[in-house]
Amino acid sequence: MSDQNPELAVQPGAVDTHCHLFLLDREPSDVVEAAKAAGVDRLLCVGVDPATSRRSLELAESIEGVFATAGMHPHDANAFDSEAGARIEELLHDPRVLGVGECGLDFFRMHSPVEDQIRVFKIHIALSNETGKPLVVHVRDAWPDVLRVLDEGSAERVVIHCFSGDADIALECAARGYWVSFAGNITYPKNERFRQAAAALVLDRILVETDSPFLAPQKLRGSDNEPANVMATIAEIARVRDVDIGDVVVATAQNARAAFGGSL
């Protein structure tokens, strides 16, 4: 009789919960095949405005294992009008569109005024609550305001994309029932606070992502990031938690399905 555990054959592969296939130079289908070869079975292509949200859905329709989100990045909040809102809301009716966003607040770049960012963020929170689809939240230099607006909007399902806080903020997010997603910058030497946050959280609140083509892991810095490289983030989380990489693959994939729905 074989000593192999039959359950191993049905364990899920990794899930990249946040990438931008439409920004990569390589053909998206080739990128997805490379990811699958690396053990990444599913990925979410995240829109940043109505046009890229539509493109994300087109990629989800044409490439197996790809799903989409629809939303407006805070950088472009000043361009969010009734037409943009209607286009995003229409996309959210599609079952392949699993999340609302990328949205949120960015007080570092300040490409849009604070008032516009908060206005548009609140609209996305309402769309998330109405559709039951999770909110994909971008936060940069805006933690107090993001947490306040989420609280005021009674946001029900929240994914904190590309976590950039410390362990205390991570634990606050988990206490609120949010999922916390780590990207390749957790491998950067200067980002010890990210590693401390990943070690402090309960595993069932952790997601992983690449934010491709941005934030390539340390060993690949200077090159475009791709979904296959989410395995480097998984390896770093496993290291700081002193657990097996396979356990993190399985747990984060299960968490992704809990956050975004079973179809992922």
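The values are calculated or read from the model by the stated rules, or taken from the named source; none is laboratory data. Nothing here was measured: the structure is a model prediction, and the numbers come from that model. Glycine gets a Cβ as well: all are built from the backbone with ideal geometry, and neighbour counts include every protein chain shown. For the accessible areas, the whole protein counts, side chains as well, though only heavy atoms, and no ligand, DNA or RNA atoms are used. Shrake-Rupley method; radii C 1.70, N 1.55, O 1.52, S 1.80 Å.
Scanning region 127-155 for residues that are assigned to a helix (DSSP H, G or I) and open to solvent by 10 Å² or more (accessible area, probe 1.4 Å) yields a total of 11. Within this structure, D168 passes the test of being more than 25 Å from L59 (Cα to Cα) and modelled with pLDDT of 95 or more.
Among the numbered conditions (1) modelled with pLDDT of 95 or more; (2) surrounded by fewer than 24 Cβ atoms within 10 Å (Cβ to Cβ); (3) of a type outside the set (A, V, I, L, M, F, W, C), the only one that H124 does not meet is (2). Scan region 53-71 for residues that are open to solvent by 10 Å² or more (accessible area, probe 1.4 Å) and in contact (Cβ under 8 Å) with a residue 60 or more places away in the chain and the total you get is 1.
When R221, R176, R205 are checked against the criterion of being among the charged types (D, E, K, R), within 28 Å of E115 (Cα to Cα) and open to solvent by 20 Å² or more (accessible area, probe 1.4 Å), a single residue qualifies: R176. Listed conditions (1) part of a strand (DSSP E or B); (2) free of Cβ contacts under 8 Å to residues at least 60 places away in the same chain are all met by S164, apart from (1).
Of everything listed in (1) surrounded by 19 or more Cβ atoms within 10 Å (Cβ to Cβ); (2) in contact with a His (Cβ under 9 Å, 6 or more places away or on another chain), the single unmet condition for D76 is (1). Taking each residue of region 79-102 that is free of Cβ contacts under 8 Å to residues at least 40 places away in the same chain and buried (at least 21 other Cβ atoms within 10 Å of the Cβ) and looking for partners that are assigned to a loop (DSSP other than H, G, I, E, B) and not small (G, A, S) with beta-carbon atoms closer than 6 Å, six or more apart or interchain, yields V100/K133. Of the numbered criteria (1) of a type outside the set (A, V, I, L, M, F, W, C); (2) open to solvent by less than 10 Å² (accessible area, probe 1.4 Å); (3) assigned to a helix (DSSP H, G or I), the one Q254 fails is (2). For the structure I just gave you, tell me whether A216 is under 24 Å from E156 (Cβ atoms) and either touching a residue at least 60 places away in the same chain (Cβ under 8 Å) or touching a Gly at 6+ places or on another chain (Cβ under 7 Å) (or both). Answer is no for this residue.
Considering only residues in region 30-52 that are under 23 Å from L91 (Cβ atoms) and of a type in the set (D, E, K, R), the one that is surrounded by the most Cβ atoms within 10 Å (Cβ to Cβ) turns out to be R42. Being farther than 18 Å from H18 by Cα and surrounded by 15 or more Cβ atoms within 10 Å (Cβ to Cβ) is not true of D211.
Between residues in region 1-30 that are polar (S, T, N, Q) and residues that are at pLDDT 50 or above, which pairs lie under 6 Å by C-beta distance while being six or more apart or on different chains? Cβ pairs passing all conditions: Q11/V250; T17/L44; T17/S181; T17/L207; T17/E209; T17/A256; S29/I63.
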